Each structure stands twice: as C-alpha cells, then as structure tokens.
Amino acid sequence: MQNIHSFDATQWLAEHTRGGTELSPEAREAVASFTTMWNFFETTLCENRATVAALTRISERFEADRVAPDTNQALEDCLAFWQFRYRTHQGFGRRFEGLYFRPNDKRAHVEAVLNGDADSPRDRLLALTIIIFRLRNNLFHGLKSLEMLNDQVENLVTASRCLAAVMEAVPSHLVRVERQQAVGRRRAQIMA
C-alpha cells in the first residue's frame with residue numbers, strides 16, 4: 001500500500017492519465033503557486049466566498065495613492081499583460097472568449113478596462129480581479145485539460161503576482177501594512 005503521507009500528484013498523473021506526462025514542471029509550479037495565492041486571497045479579502053460582488057467591495061476599498069509605488073506598478077504590469085493577451089486588432093480574441101464569462105461577471109466592465117475606456121484605479125483593480133476569478137473558475141472547475149495548462153504558465157504566474165499586489169494594496173488583518181503606512185508617512189513629510 002502506498003504511503004498517503006508521501007503522495008505525489010505529478011507521479012500519479014504521469015502513471016494514470018493521458019496527457020499527465022506532458023505537464024511541464026513550470027505548469028505544475030504555476031498551478032501550485034496560483035492555488036496557494038488564490039486560497040490566501042479568498043480567505044483574506046473575500047471572507048472565504050469569492051464572488052463578483054465581493055471583488056467589487058474589494059475594489060471600493062482600494063486607494064491607489066496610499067499604495068507603495070512598486071505595488072501599483074505590479075498592478076499596471078498585470079493589466080498590460082492581459083491587454084496584450086486578450087485584445088487583438090479585431091477586438092477580443094479567442095483567449096478572451098476562453099475566460100467563459102457568466103452573465104453576472106461584468107464582462108463589459110472588463111472589456112472597457114482592457115480597451116482603456118474605463119481607467120480609474122478602482123475600475124482597473126476590479127477588472128484584474130474579475131479576470132483572475134475567471135481563471136480560477138476555469139482551473140478549479142475543469143475547463144482546462146492537463147496539457148492546456150502548459151499554455152497557461154505566464155497567465156497563472158501573472159495572476160499570482162496580481163493577487164499578491166491586490167493583497168498588498170487593499171488593507172486586511174492578515175497582510176502586513178507597514179509598507180503602506182511608510183508610503184503614507186513619506187507622502188505626508190513631502191507635503192508638509
């Protein structure tokens with residue numbers, strides 16, 4: 001009998017599935033990082049229940065001018081990545097369609113942000129978290145096959161970094177806010 005305390009999902013997939021051996025180490029790491037970051041994000045900012053309404057409440061608490069510059073830059077970098085990934089010269093491509101928006105997922109809002117038509121910091125943060133929410137739903141609800149995950153490495157790495165930036169930017173009881181407080185103190189000193 002196999003020891004359950006040393007179970008290796010990668011080995012099991014390779015031995016028992018079609019496509020399991022084709023999952024790259026980078027894809028396995030990206031999925032593991034994303035899963036960890038999503039779990040912490042949902043616990044920290046969504047009260048264990050992520051919905052578009054919860055993401056909207058998070059965006060309403062976002063104050064870009066109180067956030068460290070490198071955190072704001074990370075959010076901008078994530079937005080630029082998804083603008084490039086999802087927009088084409090003809091509009092939104094098949095990758096965007098692959099997010100499988102549901103009726104209440106504010107697709108029009110995400111499109112407006114990706115097009116630059118809605119660009120307040122809160123609008124952008126909401127769009128970023130909705131994109132990540134769609135990635136999460138597609139990953140956790142089986143809309144990605146194992147071999148398709150190899151094409152999702154950059155997407156999932158970006159989503160993980162974006163989740164970290166959101167948690168750095170939006171106050172919570174679980175994420176240290178010393179950096180944000182230090183930024184606020186520096187701004188106050190400059191303005192004084």
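The values are calculated or read from the model by the stated rules, or taken from the named source; none is laboratory data. Everything numeric in this text was worked out from a predicted model, so none of it was measured. Here Cβ is always computed from backbone atoms with ideal geometry, including for glycine, and neighbour counts include all displayed protein chains. With ligands, DNA and RNA removed, areas are computed over all heavy atoms of the protein, side chains included. Shrake-Rupley method; radii C 1.70, N 1.55, O 1.52, S 1.80 Å.
Here are some notes:
- Derived scalar couplings between HN and Hα for the stretch 27-43 equal 5, 4, 5, 5, 5, 4, 5, 4, 4, 5, 5, 4, 4, 5, 4, 5, 5 Hz in order, rounded to whole Hz, by the Karplus curve 6.51 cos²θ - 1.76 cosθ + 1.60 (θ = phi - 60°), x for Gly and Pro.
- The calculated 222 nm mean residue ellipticity attributable to helices in the chain amounts to -20000 deg cm²/dmol, summing -39500 (n - 2.57) over DSSP H runs of n ≥ 4 and dividing by all residues.
- In percent, rounded to a whole number, the relative contact order of the chain is 36, using alpha-carbon pairs under 8 Å and six or more apart.
- Acute angle (nearest 10 degrees) that the helix 178-191 long axis makes with the longest principal axis of the chain, alpha-carbon atoms: 30
- In the list (i) -0.30; (ii) -0.34; (iii) -0.23, the label attached to log10 I(q)/I(0) by the Debye sum over Cα atoms at q = 0.08 Å⁻¹ as derived from the coordinates here is (i).
- Cysteines in the chain that, by Cβ-Cβ distance, have no pairing candidate under 4.7 Å: C46
- Tilt relative to the chain, helix 121-140 - C-alpha long axis, 0 to 90 degrees, to 10: 10
- Note on the chain: with neighbouring protein chains present and a 1.4 Å probe, carbon and sulfur make up 52 percent of its accessible heavy-atom surface.
- Average accessible area per residue (Å²) across the chain - probe 1.4 Å, nucleic acids and ligands excluded: 59
- For peptides 5-14, 42-51, sequence by mean Cβ density within 10 Å, most packed first: 42-51, 5-14
- Per-peptide packing, taken as the mean over residues of other Cβ atoms within 10 Å, places 76-86, 119-129, 158-168 in the sequence 158-168, 119-129, 76-86 from highest down.
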